[in-house]
Structure formats: C-alpha cells, structure tokens
Amino acid sequence: MATLIRSKLSNVATSVSHKSSAKVSGVFARMGFQAATDEEAVGFVHCDDLDYEHRQGLQMDILKADGNGSEEGGGGEAPLEGDLHYQRDGTGPLPPSASKDEGVCSELSGQGKPKITAWEAGWNVTNAIQGMFVLGLPYAILHGGYLGLFLIIFAAVVCCYTGKILIACLYEENEDGEIVRVRDSYVDIANACCTPRFPTLGGRIVNVAQIIELVMTCILYVVVSGNLMYNSFPNLPVSQKSWSIIATAVLLPCAFLKNLKAVSKFSLLCTLAHFVINILVIAYCLSRARDWAWDKVKFYIDVKKFPISIGIIVFSYTSQIFLPSLEGNMQNPKEFHCMMNWTHIAACILKGLFALVAYLTWADDTKEVITDNLPSTIRAVVNLFLVAKALLSYPLPFFAAVEVLERSLFQDGNRAFFPNCYGGDGRLKSWGLTLRCALVVFTLLMAIYVPHFALLMGLTGSLTGAGLCFLLPSLFHLKLLWRKLLWHHVFFDVAIFVIGGICSVSGFIHSLEGLIEAFRYNAED
C-alpha cells in the first residue's frame, strides 16, 4: 500500500508539472510565436519515439500490492489511476499519460493547451517558408532568368499541394464511413507505408532526412554569419573563416541547452526584424528602379549552375515536417487547406517580387547573399540584424537534431546503439556533453571548408528538401490512398514524383560537384 501511495503522489506531481508546461506552451502558440512551433517540432520528435516504442510492444502493467497477494485472492482492488509501470511483455493496458514525453505528446495533440486559429497556424507556416534563406533567391534568378521566376511559382504550387496530401495521409475511413485521424506525424505515415515487411524503415528514413536538414541548417547559419560580418567590415583584418570561428564561439553554449525557453523569447522579435530588413532591401531596390536592367533577365539557364538554383528555391519552401503537428493543433482542421493556399500564395508573390527587383537592381553583380550588394552605409546595420537573427535561430535546429540523435542512438532502450548518455539523476554525462560540443565544432568545420551559402543551400534543398516536400508525400499518398484517388490526383502525384526526382538528382550532383571543388580549393589554400 505504501508503494501505491508513493506512486500516486509521484504521478500527481508529474501531472501538475505537465499542465504548467502546457499552459506556457499554449500561451506562446496562441500568440503566434514561431518558437512555439519549433518547440513543438522537438516534442514532435519525442512523440515519434514514443509511438515507435509502443508499436514495438512497450506497454503498461498494473502494480500489484504486496507482491502476489491480489492474484492469490482472485480479485483485488481495481488499479488506481497512475498505478502503472512500464513492461515490455505487451500484457498491460496503455497509459493515459504517465511520463514527461507523453505530456509533450498530449500538448501536441491539443490536450492541455489552447488550440490555435487558422491565422496563427498561417503565421507559423509563413515564418517557416519566409525565413532568412530568401536572401539567396536573387542568386537563383541570376542563373535561371525567367525560368527561375517560374520555378518559384511552381515550387509554391507543388509544396502547397504536397502539404495537403501529406495531411490527407493522416486520415482514414472507419467502419461507420467517417473520416478519422489515425496517424499523428510524418514518421507515422512513413512507417504505415512500409508495413508489414519493414514497419520502422520509413520512420528511420524520415528521421535521417530530418537530421541532415537540421544539421545543414545549422551549418548555413554559421556560413551566413561569417559571410555577413566579413562583408560588413571589409577593412578589418579578419577573414570570413575567422568570423565563422567567432560566431561558433558564441554558439558553443548551445551544447548546454536543456530546453528552448530562453531562446524562444527572442524568436518573434527576430522574425519581425527580418521582415523589416526585407522591406528595406525592396525599398532600396525600388529607389533605383530607373536603372533596372530588364535586358539582363532572359529566357536562358546556366546549365551548370541552374540545378543549384532549384535546390535553393525548394529549400526556401520546406515546412512539411511540421505540418502534421500544426494541423493537429488547429481549432478547426477543416481550415487547413485554405490556410495553406493563402500562405503559399503570399509567399510566392513576396519571394518572386523580392528576387526579381533585387536581381534587376544589381543584375550580373548579384551575390549569393543579396544584402552584400547594399551600399556600405546601410549594409553593416542590416547585416548585423541578420547575424543576430542567425545566431538566435541556430539553437532551434541544433536542439532538435540533438534530440533526434540522442533518442535514436543513446536512449532507445534495448535497441540503442550506444550506452545511455544520461545518468540516473537525469543529468547529461560528460562524454555526452562532449559529443554535443563536437556537433557544434562539426558545423564550424563545414562552414570553414565550404563557405558557400548558395552551394550548401542548393545541396540541402536537392537532397532533403525535395525528398520531404516532393518525393515522399506523393509516394505516400499513392501508397496509402490509391484506391480512393481520382485519376487526376494519380497523375499529379506521379508527375510530381518524377519531376521532383529529376530535379533532386540533378541539383544534388551539381551542388556536390561545386562543394567538392570548393573543398579542394580551401584545403589547398
């Protein structure tokens, strides 16, 4: 009985802690903070791991008071709520909510925190696809001309469509003919497509793609920080590599992060500052409208460099990995399609205008990061704002990547490849902290040896962006719902898969060639 009482008190305390955390997260989500979505993405990783464990037989069993006393009596009291513990024998009922990670999952599913409106969901999607990586779009127009503009429109249409069909894969028709949500995440969809032969293969592929994209995003933040600082203060005897090292020294405390609450407070301010910067760049370009070089925009492509531009454009639209969590938190999920339409239409218009007017202003002198073309009088101020945003944005993908790696390699129970990196008291072990620091240093080394923003962005977009946004959604849609699809949906899915595959392979090969050349050049230098 004493054991039961201690277990009950422990679960009550845990429940109170979870409700408090849910309220804080709910406040951020209701205010439309992008950081709320990023933290949900980290929790979304927790949920995937819990779902994976349950599918492998991680279930609950009832605590028996006084050993076998209840069994001998043939009856006994009904189990109290919370009087449960983990067993891998698959004999007990599933718990309502008994762990920290399950508290996170209940938040993501909308239990314990306020739902968000379609406008708030649209704000989060807009933040995801209107980030600072739009600064590389004018460089895409440099190598693609009008075809680059068409690709910005085409990518918006395709990403909007694949986002919708990805959400459609979360639902199935039950015995009563009602459409119900049977899956919660991108990983669930991937695993469902690989069942029954390889029930976890799809989820692992999605997680690997997610890790690559997150780590590459961290590298891009270091690259862009070094690039912006070097071009803001060209007279200082500090090279771009040195600026990258300084930026990494500032970012090293990210290895000690336990949560993102300290960072999330700055997220909204950084996002608003970025929008102001975009407006300043467009205003400067409009002030030079008389000198616009319309004759430089042609119907031609640079065969060698345009595939890299494809990756740049695709990467600027990546948001699919967060959409299942976002849709599950909406007050009215039926408004999801309308929200996707207006957010991607707005993104398409703003990106197209930004890329076109910036390229018309500087034409063949357009640089990889467009703010480097600004006059020195305002360049330093604008770039400093962008560096601050990059440094404050770095912890978000870094923390998410660390969570995925730790849970996949060090905390996956009997399936873990390495010993647990956390001690019995929940503290990170010294060698686990060393690995985190090593990941920060790895992003620095990549930024030093391949300090090319466009090449890295093109490679990431071609590899993981095209896969997560084009290939996998269309493939999953065909696999799970092909019996109910109309012929034009089948045609669209097949066309997107084929075109996306060609663009992905072409962009990846050309980006990789450029990176290898850059790596050799920097190694010799």
The range 327-378, subset touching a Phe, Trp or Tyr at 6+ places or on another chain (Cβ under 6 Å) and not aliphatic (A, V, I, L, M), residue surrounded by the fewest Cβ atoms within 10 Å (Cβ to Cβ): ASN373
Residue pairs meeting the criteria (Cβ under 9 Å; at least 6 apart or on separate chains; first polar (S, T, N, Q) and at pLDDT below 80, in the range 504-525; second open to solvent by less than 70 Å² (accessible area, probe 1.4 Å) and not in a helix (DSSP H, G or I)): ASN522/VAL450; ASN522/PRO451
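Each row is one residue, and each column tells you yes or no for (1) open to solvent by 10 Å² or more (accessible area, probe 1.4 Å); (2) more than 23 Å from the chain's Cα centre (by Cα); (3) under 30 Å from ASN383 (Cα atoms).
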{"position": "LEU170", "(1), (2), (3)": "no, no, no"}
{"position": "ARG183", "(1), (2), (3)": "yes, no, no"}
{"position": "CYS194", "(1), (2), (3)": "yes, no, no"}
{"position": "PRO199", "(1), (2), (3)": "yes, yes, no"}
{"position": "SER239", "(1), (2), (3)": "yes, yes, yes"}
Any hit, the range 476-498, residues being farther than 25 Å from LEU228 by Cα, in contact with a Phe, Trp or Tyr (Cβ under 6 Å, 6 or more places away or on another chain) and of a type in the set (Gly, Ala, Ser): no
Set PRO473, PRO451: member being closer than 27 Å to VAL187 by Cβ, of a type outside the set (A, V, I, L, M, F, W, C) and surrounded by 22 or more Cβ atoms within 10 Å (Cβ to Cβ): PRO473
Matching residues in the range 172-194 - criterion: being touching a helix residue (DSSP H, G or I) at 6+ places or on another chain (Cβ under 9 Å) and not acidic (Asp, Glu): ARG181, VAL182, ARG183, SER185, TYR186, VAL187, ILE189, ALA190, ASN191, ALA192, CYS193, CYS194
Top-ranked residue of the range 333-346 - restricted to ones that are of a type in the set (A, V, I, L, M) and in contact with a Cys (Cβ under 9 Å, 6 or more places away or on another chain), ranked as farthest from VAL180 (Cα to Cα): ILE345
Positions within the range 290-314 being closer than 27 Å to VAL382 by Cβ, assigned to a helix (DSSP H, G or I), open to solvent by 10 Å² or more (accessible area, probe 1.4 Å) and touching a residue at least 60 places away in the same chain (Cβ under 8 Å), in sequence order: ASP291, TRP294, LYS296, ILE308
Which listed residue is in contact with an Asp or Glu (Cβ under 6 Å, 6 or more places away or on another chain) and assigned to a helix (DSSP H, G or I), from TYR230, TYR139: TYR139
The listed residue being open to solvent by less than 10 Å² (accessible area, probe 1.4 Å), of a type outside the set (Asp, Glu), farther than 21 Å from LEU374 by Cβ and at pLDDT 85 or above, out of ILE245, ILE211, ILE219: ILE219
Residue in the range 122-154 that is most open to solvent (accessible area, probe 1.4 Å), counting only those that are of a type in the set (Gly, Ala, Ser) and under 15 Å from the mean Cα position of the chain (by Cα): ALA128
Breaking point among (1) free of Cβ contacts under 8 Å to residues at least 12 places away in the same chain; (2) not in a helix (DSSP H, G or I), for PHE154: (2)
Residues located in the range 253-278, provided they are open to solvent by 70 Å² or more (accessible area, probe 1.4 Å) and either part of a loop (DSSP other than H, G, I, E, B) or at pLDDT 85 or above (or both): PRO253, LYS258, ASN259, LYS265, PHE266
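The values are calculated or read from the model by the stated rules, or taken from the named source; none is laboratory data. Everything quoted here is computed from the prediction, not taken from an experiment. Reconstructed Cβ throughout: ideal geometry from the backbone, glycine too, with neighbour counts over all protein chains shown. With ligands, DNA and RNA removed, areas are computed over all heavy atoms of the protein, side chains included. Shrake-Rupley method; radii C 1.70, N 1.55, O 1.52, S 1.80 Å.
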